[in-house]
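Here's the structure, in structure tokens; my notes come after.
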Amino acid sequence: MAELVGDREVRKLQLTGGATFTLSLPKRWVTAHGLSARDGVQVEWRPSGALRLTPLDSFREPRIVVVLDRDDIPEGALYDHLMAAYLSGAQTIRINSSPGVTRSDRSVIRHFLRSTRGFEVGDDTETSIDLVCLLNSGELPISSSLNRMYLQLTSLVRDIQSVLLGGPFALIEDHEEREREVDALLHLINRQVGAMLDSHSVAESLGLDRRQAVEHSNLARALERMMDHADQMAALVLSADSRPEMSLEDAPLSLLPEWLGVMKTMMVQLRLRDPAEIQRARTILKQALTSLEDHEEELWSEKRRRTSLLFDSRCSGSIRRLCAYARDFGEVLLNMLVYDDRLTQSR
């Protein structure tokens, strides 16, 4: 009854009792999942029209072990290989080194642990180190990580604004630490999205389908890009020889309150999904972008000290990019809204 097509099997429907259609399951699939007669199998009708069969007791994230041979990794590339293993969904990362794990390698491993979430050192010997993940991909809601990224981003921008208006420089001296936390949350979200693409059980635990997961990853990327520019702006302010004179009444600083208000609206719409509000926010950002571009063009026609002009121009450029990435954030929200509407109509 089955015709093998690659790694697929095509099976024919059978009519049982004159009114019920039945389909036999491949024995290899049944055996691989430890099923037997009368065990439950969940049948889910996907929006694409496909049916997904899931053993009721299979909601476990597979244990993935990645082994890295230090001798085969080019100098300076250990961190990249560790991050690739992390994003691939590995629960255990084993680093082997025949001559021994060096002090430099251990420094890279500590940097990796600071840049990720959920990993700790397990077995540690002279020639190998096991890094073990203690966090299940389906445990922490992606929306919580997005909200944390948003709070870190907007708090840094508010502190930069306060410093430019005369506040103490100490407010933003931890900007690199905040930027690292946002990076770590982005990596965590990308890891979770990868796990969702591999395992429907993770997707079910997080309450998202795979398309929604990808869009949440896009939102996280937009927040991380904004944080990069906020971090650059904080570094610029701290490196200035003297405090520049700026006002909330004039560009570019006058656009920051608008950006903060729009970002708050965007985060609310992540839950409410009001297309009119999202579009209104994106229109405000478009107008802000135009104002900043005009401001930057006018800067060089003014007779001011070169250092002052350069500071103003770089600050304006960072705020302009904050607005541009915020528009991208709004575009992703609209994509999610249309997709949700399509799902609703198909049911």
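The values are calculated or read from the model by the stated rules, or taken from the named source; none is laboratory data. As the structure is a computational prediction, the values presented were derived from the model and not from experiment. For neighbour counting, all protein chains shown are included, and Cβ atoms are generated from backbone atoms with ideal geometry for every residue, glycine included.
Give me the pairs, please: first residue somewhere in segment 309-335 and assigned by TED's automatic domain parsing to the domain that holds residue 230, second residue anywhere and among the charged types (D, E, K, R) and not in a helix (DSSP H, G or I), beta-carbon distance under 9 Å, and either six or more positions apart or on two chains. Pairs found: 309/302; 312/304; 333/273.
Can you confirm whether residue 120 is modelled with pLDDT of 95 or more, more than 29 Å from residue 233 (Cα to Cα), acidic (Asp, Glu) and touching a strand residue (DSSP E or B) at 6+ places or on another chain (Cβ under 8 Å)? It is true that residue 120 is modelled with pLDDT of 95 or more, more than 29 Å from residue 233 (Cα to Cα), acidic (Asp, Glu) and touching a strand residue (DSSP E or B) at 6+ places or on another chain (Cβ under 8 Å). Comparison of 185, 131, 165 shows that the only residue that is surrounded by fewer than 18 Cβ atoms within 10 Å (Cβ to Cβ) and aliphatic (A, V, I, L, M) is 165.
Please tell me if residue 318 is out of contact with any Leu (no Cβ under 7 Å at 6 or more places or on another chain), of a type in the set (Gly, Ala, Ser) and surrounded by 19 or more Cβ atoms within 10 Å (Cβ to Cβ). The answer is yes for residue 318.
For segment 91-104, what are the residues that are buried (at least 17 other Cβ atoms within 10 Å of the Cβ) and touching a helix residue (DSSP H, G or I) at 6+ places or on another chain (Cβ under 9 Å)?
Passing the criteria: 93, 95, 97, 101.
Taking segment 212-241 as the range and being free of Cβ contacts under 8 Å to residues at least 40 places away in the same chain and in contact with a Ser or Thr (Cβ under 9 Å, 6 or more places away or on another chain) as the test, no residue passes. Would you check if residue 309 is crowded, with 20+ Cβ neighbours inside 10 Å and of a type in the set (A, V, I, L, M)? Answer is no for this residue. Has segment 278-289 got at least one residue that is assigned by TED's automatic domain parsing to the domain that holds residue 161, modelled with pLDDT of 95 or more and more than 27 Å from the chain's Cα centre (by Cα)? Yes, that holds for at least one residue.
Restrict the check to segment 306-318 and report whether at least one residue is outside any helix (DSSP H, G or I), charged (D, E, K, R) and at pLDDT below 90.
Start the filter on segment 306-318 by keeping residues that are outside any helix (DSSP H, G or I), which leaves none.
Looking through segment 306-318, none of the residues is outside any helix (DSSP H, G or I), charged (D, E, K, R) and at pLDDT below 90.
So, residue 260, is that one crowded, with 18+ Cβ neighbours inside 10 Å, within 29 Å of the chain's Cα centre (by Cα) and in a helix (DSSP H, G or I) or not? In short, no. Taken together, the residues in segment 237-257 that are in a helix (DSSP H, G or I) and farther than 11 Å from residue 323 by Cβ amount to 6.
Got at least one residue in segment 221-233 being outside any helix (DSSP H, G or I) and small (Gly, Ala, Ser)? Taking every residue of segment 221-233 in turn, none turns out to be outside any helix (DSSP H, G or I) and small (Gly, Ala, Ser).
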